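Trainee: Following this message is one structure expressed as structure tokens.
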Amino acid sequence: AGGAQQSAKGFSDVFVAKLNGTLQTVVQVTYLGGSLADEASGLALDSTGAVFVAGSTSSSDFPGTAGGAQSQNGGGNDGFVAKLNNALTSVVQATYLGSTGFGTSNFDAATTIALDASDNVYVAGYTDKSNFPQTAGGAQPIFGGGASDAFVAKLGNGLTNIIQATYFGGSGGDVATALALDGTGNV
């Protein structure tokens, strides 16, 4: 009881659980999701203990996205990043992360997440569109082709801005499933 979202809303929702250090007691559990399918694939904590969840959603009413870097679903399935307080009692901010437009497919998914020493948020995943946000100036600013390209995006800790994103892929199907940062902040 008392979670940020106390009941499931859609076809499938994410759940986030906090257990004590001995794994013997559930401290708090919350649902996270909108009216359609939502799936989590990564979780990270910042230096204050805030909980960051990354995944994919087809919901146009995902909670907490107002004021986010991308406040609306771009169409189809988008990646998402959500920041919850340490107690899991509120969604601090969330944002969609994906390309825009409908067509034969429109699928973006955030599959992994990491934070740097300054608590900036790095998310990797994949997209099947050539208009993923903020890729201009990135290492690979243009979609490589094929079924999908991997992407890496850097967001501010408040999830209100995408600092930079880049495609990472060639002419086939490319997907990012892991992400790590070194001591100097290289991805």
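Trainee: Check Gly185, Gly144 and return the single one that is open to solvent by less than 40 Å² (accessible area, probe 1.4 Å) and over 23 Å from Asp119 (Cα atoms). Working first, answer last.
Mentor: Working: Gly185 fails: over 23 Å from Asp119 (Cα atoms).
After ruling out the rest, the residue left standing is Gly144.
Trainee: Residues Thr127, Thr160, Thr166: which one is β-branched (Val, Ile, Thr), touching a Gly at 6+ places or on another chain (Cβ under 7 Å), open to solvent by less than 20 Å² (accessible area, probe 1.4 Å) and in contact (Cβ under 8 Å) with a residue 12 or more places away in the chain?
Mentor: Among Thr127, Thr160, Thr166, only Thr127 is β-branched (Val, Ile, Thr), touching a Gly at 6+ places or on another chain (Cβ under 7 Å), open to solvent by less than 20 Å² (accessible area, probe 1.4 Å) and in contact (Cβ under 8 Å) with a residue 12 or more places away in the chain.
Trainee: A further question on this structure: Can you name every residue in the range 1-52 that is part of a loop (DSSP other than H, G, I, E, B), open to solvent by 50 Å² or more (accessible area, probe 1.4 Å) and more than 16 Å from Thr89 (Cβ to Cβ)? Let's see the steps before the verdict.
Mentor: Keep residues of the range 1-52 that are part of a loop (DSSP other than H, G, I, E, B), which gives 1-11, 13, 20-25, 33-36, 46-50.
Checking the rest, the ones that are also open to solvent by 50 Å² or more (accessible area, probe 1.4 Å) come to 1, 6-9, 11, 21-25, 35-36, 47-48.
Those that are part of a loop (DSSP other than H, G, I, E, B), open to solvent by 50 Å² or more (accessible area, probe 1.4 Å) and more than 16 Å from Thr89 (Cβ to Cβ): Ala8, Lys9, Phe11, Gly21, Thr22, Leu23, Gln24, Thr25, Ser35, Leu36, Ser47.
Trainee: Now a separate question. Among the residues of the range 50-63, which ones are within 19 Å of Lys154 (Cα to Cα) and either in contact with a Gly (Cβ under 6 Å, 6 or more places away or on another chain) or of a type outside the set (Val, Ile, Thr) (or both)?
Mentor: Ala50, Phe52, Ala54, Gly55, Ser56
Trainee: So, Val175, is that one among the hydrophobic types (A, V, I, L, M, F, W, C), open to solvent by 50 Å² or more (accessible area, probe 1.4 Å) and assigned to a strand (DSSP E or B) or not?
Mentor: Numbers: among the hydrophobic types (A, V, I, L, M, F, W, C): yes; open to solvent by 50 Å² or more (accessible area, probe 1.4 Å): yes; assigned to a strand (DSSP E or B): no.
Answer is no for this residue.
Trainee: Still on this model: Looking only at the range 63-104, count how many residues are assigned to a loop (DSSP other than H, G, I, E, B) and more than 12 Å from the chain's Cα centre (by Cα).
Mentor: 22
Trainee: I would also like to ask the following. Among all residue pairs at least 6 apart or on different chains, which show Cβ distances below 7 Å where the first residue, located in the range 2-23, is over 16 Å from Thr57 (Cβ atoms) and the second is in a loop (DSSP other than H, G, I, E, B)?
Mentor: Close Cβ pairs (under 7 Å, with a partner that is in a loop (DSSP other than H, G, I, E, B)) amount to Gly2/Thr89; Gly3/Leu88; Gly3/Thr89; Lys18/Leu88; Leu19/Thr25.
Trainee: Which condition number in (1) modelled with pLDDT of 95 or more; (2) in a loop (DSSP other than H, G, I, E, B); (3) within 30 Å of Gly49 (Cβ to Cβ) is the one that Lys154 fails?
Mentor: Looking at each condition in turn, Lys154 falls short on (2).
Trainee: Something else about it: Which numbered condition trips up Thr104, out of (1) at pLDDT 95 or above; (2) farther than 22 Å from Leu181 by Cα?
Mentor: Of (1) at pLDDT 95 or above; (2) farther than 22 Å from Leu181 by Cα, only one is false for Thr104: (1).
Trainee: From (1) crowded, with 18+ Cβ neighbours inside 10 Å; (2) over 14 Å from the mean Cα position of the chain (by Cα), pick out the condition that doesn't hold for Asp108.
Mentor: (2)
Trainee: Among (1) open to solvent by 30 Å² or more (accessible area, probe 1.4 Å); (2) over 27 Å from Val27 (Cβ atoms); (3) not small (Gly, Ala, Ser), which single condition is Phe132 missing?
Mentor: (1)
The values are calculated or read from the model by the stated rules, or taken from the named source; none is laboratory data. Everything quoted here is computed from the prediction, not taken from an experiment. Don't worry about glycine lacking a Cβ; one is built from the backbone with ideal geometry, like all the others, and counts go over all protein chains shown. Calculation scope for accessible area: heavy atoms of the full protein, side chains included, ligands and nucleic acids excluded. Shrake-Rupley method; radii C 1.70, N 1.55, O 1.52, S 1.80 Å.
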